[in-house]
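Notes for the one structure printed next.
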Amino acid sequence: MDESSFLNLPTSHLLGSVPSVINEEKKSSYAAPEASMQIFPPNNGSGRGYQTLEAPAESFEQQPPNNWKGVFNISSYTQYFNVDTDVVINRLISSFHPTAGDFFNKIEANPDLYGLIWITTTLVFMLSCFGNFATYLMQKHTDGTTTWSFDVGYVNVAASGIYGYAIAVPMAFYFLLQYLGSNASLIRFWCMWGYSLSIFMPTAFLLLIPVEFLRWIIILITGTASSCFVALNLRSYIEGGNDLTIIVIAAFLLQMALSIFIKVWFFP
């Protein structure tokens, strides 16, 4: 049999069969994709993946997103507790330097409410405990038969006075400045007034000294330092606008009144 007859047999029904000859015109053309150079590894671990050299650089300094979801939504306030221990300690130290007047600059990027809540709560318990103990020491000094008794009323007065002052006074100044046409931030006011109370925590311990004259010296020094902290920072915050000196003086006098209230009520 002629060899050409075998070549003409149909082979489409055979599995795995391949044509013996592939015509040049039937070859499929394959176009290689255009390559683009990439940067390896990704830039500074920013998590943006590989970037082409032609891609424009993206700005990393973006404003933080607005996470406010409503007054009654707890998640709206989580951004004001996003502080670590180093930040809180630094702000506490700043509150013990009343003449600096730069506290608002330090909290501009991230004002917090953690300091307000932590300081006021600690101060409430310290005034309640140390106030009771100081009263006992003074009574024991005059009457040796005095026995220890804890007055729970100190807790109620301390909570009402300290929490009320730390919340209501900044709000009053905020609305007053808004009414007078000056820009004000309630969160920053709460933050500043909260840290202004930190100096009263060690003072509460010093007021245990059973000497009335020394107690008055201690509370007046503490009150003056805390009042200067509030007044000078408030003045630096509203300077450049209207003449609001009376507002600064009012803030100073209110802080002094708080210090005298602490002395008279808890350490008589």
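The values are calculated or read from the model by the stated rules, or taken from the named source; none is laboratory data. Fair warning: this is a prediction, and the values are worked out from it, not measured in the lab. Every residue, glycine among them, receives a Cβ derived from its backbone with ideal geometry; neighbour counts consider all protein chains shown. Accessible surface is based on the protein model in full, side chains and every heavy atom, while ligands, DNA and RNA are left aside. Shrake-Rupley method; radii C 1.70, N 1.55, O 1.52, S 1.80 Å.
Can you give the FRET efficiency to the nearest 0.05 for Thr99 and Val152, using r as the Cβ-Cβ distance and R₀ = 51 Å?
About 0.85, to the nearest 0.05.
What whole number of Å gives the distance from the Cα centroid of region 99-176 to the Cα centroid of region 214-268?
15 Å
Looking at the calculated P(r) for region 171-236, what percent of the C-alpha pair distances fall above 20 Å?
41 percent
How large is log10 I(q)/I(0) at q = 0.13 Å⁻¹ when the Debye formula is applied to the Cα atoms of region 134-186, each weighted equally and without solvent?
So the normalised log intensities are -0.55.
At a temperature of 4 °C and a viscosity of 1.567 mPa s, determine how fast region 81-159 diffuses translationally according to Stokes-Einstein, using the Kirkwood radius over alpha-carbon pairs as Rh; express D in µm²/s, rounded to the nearest whole number.
The Stokes-Einstein estimate is 85 µm²/s.
For region 204-238, list residues with backbone N below 17 Å from a point placed 7 Å from the Cα of Lys106 toward its Cβ?
Residues 225-237 fall inside that zone.
Order the following by accessible area, largest value first: Trp193, Trp118. Probe radius 1.4 Å; ligands, DNA and RNA are ignored.
Trp118, Trp193
May I ask for the Rg/Rh ratio of region 136-268, computed from Cα atoms with Rh as the Kirkwood radius, given to two decimals?
Result for region 136-268 is an Rg/Rh of 1.07.
Take Val87, project a point 7 Å from its Cα along the Cβ direction, then tell me which residues of region 99-113 have their backbone nitrogen under 19 Å from it.
It comes to 102-113, nothing else.
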